[in-house]
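First the structure, in the form of structure tokens, and then the observations on it.
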Amino acid sequence: MIDPPVKTTCPYCGVGCGILALRANDGQVEIRGDPDHPANYGRLCSKGVTLAETLDLQGRLLYPEILGKRATWDQALDHVAQGFLRVMREHGPDAVAFYVSGQLLTEDYYVANKLMKGFIGGANIDTNSRLCMASSVAGHKRAFGSDTVPGCYQDFDLAELIVLVGSNTAWCHPVLFQRLAEAKKNNPERKIVVIDPRRTVTCEIADLHLALRPGSDAALFNGLLYYLSCYGGVNFDFLEAHTEGYTEALRAARASSPSIPAVAKYCGLSTDKVAQFFQLFTRTEKTLTVYSQGINQSSSGTDKVNAIINCHLVTGRIGRPGMGPFSVTGQPNAMGGREVGGLANQLAAHMEIDNPEHRARVQRFWQAPHIASRPGLKAVDLFRAVEAGRIKALWIMATNPAVSLPDAGRVSAALERCDLVVVSDCVRNTDTNRFAHVLLPASAWGEKEGTVTNSERRISRSRVFLPAPGVAQPDWWIIAQVAQRMDFAAAFTYESAAAIFREHAALSGFETGNKQGDKRDFNISGLAEVSDPAYEALAPIQWPVTAEAPAGTSRMFMDGCFFTASGKARLAPIVPRRPANATDTDYPLVLNTGRVRDHWHTMTRTGKSPRLSAHDGEPYAELHPDDAAIIGAQEQALVRVISRFGEMIARARVTPDQQRGSVFVPMHWNDQFAHRAKVDTLVNPVTDPISGQPESKHTPVRVELYQPAWYGFALARRALVLNDIDYWVVAAGNYFLRYEFAGEQLPPEWAAWARGLFSANGQGEWLDYLDTGGGRYRAVHIIDNRLDACVFIAPTFALPPRAWLAALFGKELTSSERMSLLAGHPGQGQPDTDTGAIVCACFAVGHHTLLAAIRQNRLRSTEEIGALLKAGTNCGSCLPELKALLA
């Protein structure tokens, strides 16, 4: 028997996909896409499909802890409240800080912001969303007077030209990518342009790829703006009625980008490609420009955002179907955090700390004793203040800054010095938690109620379908309990997420009048009286939601009215700037960081899934063949990536898809899943002067070949202790954990080393082989005729494939399999169960399986592959790899 499906929202990216969670009586959970949710209409990406694999309680934080010892809730909450009060009493409210997260639900976010800005009285609350979309917020406000995403996902279907800028949509927002792919299939005349230094899988559907020089986006769009002015692309009626600043913006564009050849030279592009893009944009009315972290994560990210918006304002392509600038967010509730003032320079309901009328209004509504009088410290500066001792008490919620912030080693050092570090999280062991004096167990996804807002301003419900384990509680409850113990009880008496949502909605419409300054883009006052049952049943809806628009609002600015003092949008004059420290002779390459297809942030969730770990189970450094040749790095060699801030080790991937002079390294790995593989240890902490967003796409580095004394891998049914190994990575498998490692010193005796590695104490059978002359060692441990563990060591990185050995963990061994174990591959006449590296994570279809099916069945299309093996029929993010195999 299975309970009725629970409609909820995916906890990964900002697409905000609807999910149906089905729970059986035995506790097993099945996850499906919700066919009725307008964000995804039933589609899920590989991460969403495998959510059920990540719901176990292994590694969960179940009870409060003080200094590493289990405590009661009362003890822990009292400790936190008294610690904050002591710091405030001795050093003032600015000595207390919160660092929060786009993983929080809106209700959690709202209560945290209210406590800090209205009752503690400081504004040192910032969010990890600062790292992904703060430049977009700043650009929106500079252009529109408000942080407003104008369009909706329907525009992906209606646009005739889609420009993807700094966005590997196929991997980072796969459901939206499939929507684009389907729209192009339905209308082959629709054009797609990808602007990205790398040739990513997103380029598979592109008609034009502009592999511009890293950091040169503003010059490209300045050139487009000037071209539009010269070749009939300006909508003068819209420009004169609804915008201001055109003359200054055009003057700046002409100065930096006076011609197509000048733009091409600055951006490292051919004149033909620049001209083709400019002509496409000029003649295509329904143009949608979708941008993401490649634009935002820059020391000039705000300018890049405004350079894009300028081109839409000058053409009047905004507020209408199929057109506009469109920021796609990285986290499930980055938008919700913006709504409640989660950023240090905001107040709730899109009001501003800098505005005294806004401050007074929020203070009246909250009946707060204090209100923050000036913006607080943005993320990077906040942790610098911790390091300097100006912030004495820090509460980190649902995020892992010791991994995700730039110059991560310095962040760890700052946390180590802090007088009081409180962390509320659902995971026990993270790089950040090791610095915590107090750990507070928070409910995880599926265990708590609330709302999230996706990239198209759509509010969706997150609902409970699992019991909270241990004594875990929702974040809003934890925050409110601390507030009550700080003598703010009257303002924090919430009994449910619904009650918080009603207050949040009421504030959004509080004292909104007809004066231009009283109008706000974010207004959900139409939901301020929602009852508990209506909140429970709330269907996805796009804000604003008001008495005049009770069903929500799909597009903004349809009337040409904006939220500036004049009611007109502003074109910003943009002067392109090279990235900070753009060139460095000691560090000649440019480091670019980002996501892989199947992992998420710091892997606390996706790292549990064998299917997700099978596609990319190890950190890698993607290099152009010419750059790899200079240092003698082959595919799969280990390399050291070094900057002025730190270094890491990664596996080399050599591909012409990478631009020469650049190196790409994924952001996900950390000390829980690898040793010496944390990329943000290297990243330059320089930030955008307007948005405070770090420059995560451009750090000068050098790459060297790493040549340890030995390489190896191990597969084992239990976690291994690897204290004496110089480089290691662990990934989840079915019935086992997979380790890749390397060492700089040879152990005195391999057999003793291997037995110690596996804690083999005489139980079971031990088989091993040592080739002294060749420097190879192999060992296998068998218990009850099942493979318990195996290790393979060699002097080079050329080692047997892992997949055949991995498949043996799920079965009893045959005699022929036992004989072949030390060879690492099946003997003659034995069936080869090696499916190869996983290509389709949704259906766990491997490389070898696909190649065999293509050859044996003479498959000629991805549709034929899908019909036979299902690969590519769900999220579609593996389709480019399937096409490559067909080729």
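Numbers for the structure displayed
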read-out: Qualifying trypsin sites (Lys or Arg not before Pro) in the stretch 646-691, DSSP loop, other Cβ atoms within 10 Å at most 13; value: R660
read-out: Anisotropy class of the stretch 617-683 from Cα gyration tensor, a/c 1.5 cut; value: prolate
read-out: Reach of K117 by Cα under 20 Å, taken over lysines that are not fewer than 8 positions away in the same chain; value: K378, K392
read-out: Where GluC sites (Glu not before Pro) fall in DSSP loop in the stretch 536-638, at most 16 other Cβ within 10 Å; value: E548, E635
read-out: Per-pair calculated FRET efficiency, R0 = 45 Å: R89 and A751 via Cβ, rounded to 0.05; value: 0.15
read-out: 5 angstrom amide H check on T451, placed H, neighbours 5+ away; value: T106, E107, S462
read-out: Unit charges on C-beta of K, R, D, E only; dipole of the stretch 666-732, Debye; value: 260
read-out: Global form of the stretch 8-131, assessed from the alpha-carbon gyration tensor, a/c cut-off 1.5; value: oblate
read-out: Whole-number Å³ per residue for the convex hull built on Cα positions in the stretch 287-353; value: 117
read-out: Carbon + sulfur, % of accessible area of the chain - ligands and nucleic acids excluded, 1.4 Å; value: 50
read-out: Phi-based couplings in Hz for the stretch 60-70 (Karplus 6.51, -1.76, 1.60; Gly and Pro marked x); value: 6, 8, 10, 9, x, 9, 10, 6, x, 10, 4
read-out: Protection-proxy order for peptides 799-811, 372-384, 737-749, each taking the mean of Cβ atoms within 10 Å per residue, highest first; value: 372-384, 799-811, 737-749
read-out: Cα shape, the stretch 566-678, gyration tensor, a/c 1.5 rule; value: oblate
read-out: Segments 626-632, 761-767 sorted - mean Cβ within 10 Å per residue, highest first; value: 626-632, 761-767
read-out: Backbone N within the stretch 124-161 under 20 Å of label point (7 Å from N187 Cα along the Cβ vector); value: 150-161
read-out: Projected label distance in nm at E248 and E30, using a 7 Å step from Cα toward the beta-carbon; value: 6.0
read-out: The chain - accessible surface per residue (Å², probe 1.4 Å); value: 36
read-out: Charge tally in the Cβ shell below 9 Å around S691, where Lys, Arg are +1 and Asp, Glu are -1, S691 excluded; value: +1
read-out: For L225, solvent-accessible area (1.4 Å; no DNA, RNA or ligand), Å²; value: 0
read-out: Only Lys, Arg (+1) and Asp, Glu (-1) charged, at Cβ; the chain dipole about Cα centre in debye; value: 1060
read-out: Placed amide H near I19: partners under 5 Å, 5+ positions off or other chain; value: T8, T9, C10, D34
read-out: The chain, helix-only ellipticity at 222 nm - DSSP H runs n ≥ 4, -39,500 (n - 2.57), divided by all residues, nearest 500; value: -8500 deg cm²/dmol
read-out: Neighbourhood charge, 10 Å Cβ-Cβ cut-off, centred on Q58 and excluding it, Lys, Arg +1 and Asp, Glu -1; value: +2
read-out: Mean Cβ count within 10 Å, highest first, over the residues of peptides 305-315, 593-603; value: 305-315, 593-603
read-out: Cβ-derived FRET efficiency at R0 45 Å, E812 paired with A490, nearest 0.05; value: 0.10
read-out: Stretchable slack from D724 to A867, in nm (0.36 nm times residue separation minus alpha-carbon distance); value: 46.6 nm
read-out: Length-normalised contact order for the stretch 106-229 - Cα pairs under 8 Å, 6+ apart - percent; value: 15
read-out: Dipole of the chain, positive direction: furthest Cα of F736, T453, Q659, with charges on the beta-carbon; value: Q659
read-out: Cα centre as origin, Lys/Arg/Asp/Glu Cβ charges: the stretch 410-467 dipole, Debye; value: 200
read-out: Separation between Cα centres of the stretch 88-165 and the stretch 249-281, rounded to whole Å; value: 33
read-out: Calculated FRET efficiency for the pair Y41/R577, C-beta based, R₀ 51 Å, to 0.05; value: 0.80
read-out: Proximal charge balance of C17 [Cβ under 9 Å; K/R count +1, D/E count -1]; value: 0
read-out: Per-residue HN-Hα couplings for the stretch 471-485 [Karplus 6.51, -1.76, 1.60; θ = phi - 60°; Hz; x = Gly/Pro]; value: 10, 4, 9, x, 4, 4, 5, 4, 5, 5, 5, 5, 4, 4, 6
read-out: Karplus-derived 3J(HN,Hα), 6.51/-1.76/1.60, for each residue of the stretch 636-652, Hz, glycine and proline x; value: 6, 5, 8, 10, 9, 10, 10, 10, 6, 10, x, 8, 8, 10, 8, 7, 6
read-out: Heavy atoms of H242: accessible area, 1.4 Å probe, square angstrom to 10; value: 50
read-out: Label-point separation in nm, R283 to A262, each point 7 Å along Cα→Cβ; value: 2.5
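The values are calculated or read from the model by the stated rules, or taken from the named source; none is laboratory data. Keep in mind that what you see is a predicted model, and the values were worked out from it rather than measured. Neighbour counts are summed over all protein chains in view; Cβ atoms, including those assigned to glycine, are modelled from backbone coordinates with ideal geometry. Accessible surface areas use protein heavy atoms only, side chains included; no ligands, DNA or RNA. Shrake-Rupley method; radii C 1.70, N 1.55, O 1.52, S 1.80 Å.
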